[in-house]
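The values are calculated or read from the model by the stated rules, or taken from the named source; none is laboratory data. For clarity, every value in this text was computed on a predicted model and none was experimentally measured. Note that we place each Cβ from the backbone using ideal geometry, even for glycine, and neighbour counts take in every protein chain shown. Side chains included, ligands, DNA and RNA excluded: accessible areas come from the protein's heavy atoms. Shrake-Rupley method; radii C 1.70, N 1.55, O 1.52, S 1.80 Å.
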Amino acid sequence: LDVTLNATDDGCQGMLTWSMVSGPGGIVGNTYSFMPVCGDVGAIYTVEVQVSDGLLTDQCTFDIEVINPAPTITCPDNIDLAVLGDLISTTATATDLYMDPLTFTLVSFDHLTDPGRIPHNAPVVLGDGTITWQTESFDDNDEGLWEVTVLVDDGCGGTAECSFTIDVLSFTLCLGPV
């Protein structure tokens, strides 16, 4: 956070000098700067600064509320055609206003038409948003419409989720008489 401090001197045309009285941050020239960290999220700080022309001084006070907007996440498009035995690989992406480091995790993996169905294995979501799922060739439990929900976390309390679906079909090769 950088704030330009302004003051006028009605009497003299002397140089104005700014200084900190209290609060976090510091002043260089007429710019107040404060770089909050994750532990500051939710805090409200009162800052008091002072300006002087060498003879007279004046002070002002202002408040800073530290907020952390949630990151934004974009899930991959739905995968409408996968076959048992496929290795499915896709990526979720996200951005964070304050460029906090982001990590991705799997929140849920649910069969939409048979909620009790348990797949042979679940998708793996890497910290960078890469999502992979190796379906089993001969395991009908992997067949059907699945919903994948992914969470992104900025490490400072900001999270966001998105969901997409994967439709896995059974493929049977029929050969004529031999």
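Dipole check for the chain: with +1 at the C-beta of Lys and Arg, -1 at the C-beta of Asp and Glu, and the Cα centre as origin, the magnitude is about 240 Debye.
The shape of the range 36-95 can be summarised by an equivalent ellipsoid whose semi-axes, obtained from the alpha carbon gyration tensor, come to 55, 11, 8 Å from longest to shortest. A Gaussian network model of the chain, with springs between Cα atoms under 10 Å, assigns the largest mean-square fluctuation among V150, V168, V28 to V28. Charge tally around V3: other residues with Cβ under 14 Å, Lys/Arg +1 each, Asp/Glu -1 each, net -4.
Using only Cα atoms, figure out Rg for the range 107-148 and give it as a multiple of 2.2 N^0.38 Å.
Working: Rg = 10.6 Å, N = 42, 2.2 N^0.38 = 9.1 Å.
My calculation over the Cα atoms of the range 107-148 gives 1.17.
If you roll a 1.4 angstrom probe over the protein chains with everything in place, what fraction of the accessible area of the range 33-178 belongs to carbon and sulfur, to the nearest %? Don't skip to the answer; put the middle values down first.
Numbers: 4810 of 8600 Å².
Ligands and nucleic acids excluded, carbon and sulfur reach 56 percent.
Here the average projected area of the convex hull drawn through the C-alpha atoms of the chain stands at 15.1 nm². Surface exposure of the chain, expressed per residue as accessible area with a 1.4 Å probe, stands at 61 Å². Its residue count N sets the reference 2.2 N^0.38 Å, and the alpha-carbon radius of gyration of the range 24-64 equals 1.39 times that reference.
From largest accessible area down, sort Y45, Y98; use a 1.4 Å probe on the protein chains.
Reading off the accessible areas and sorting them downward yields Y98, Y45.
Expressed per residue, the C-alpha convex hull volume of the range 77-178 stands at 101 Å³. For the chain, the residue among L169, T132, V28 whose Cα projects farthest onto the positive side of the dipole built from Cβ charges is V28.
Applied to the range 151-168, the Karplus parametrisation 6.51 cos²θ - 1.76 cosθ + 1.60 on θ = phi - 60° returns per-residue 3J(HN,Hα) values of 10, 10, 10, 8, x, 10, x, x, 9, 8, 10, 8, 9, 8, 10, 10, 9, 9 Hz, with x for Gly and Pro.
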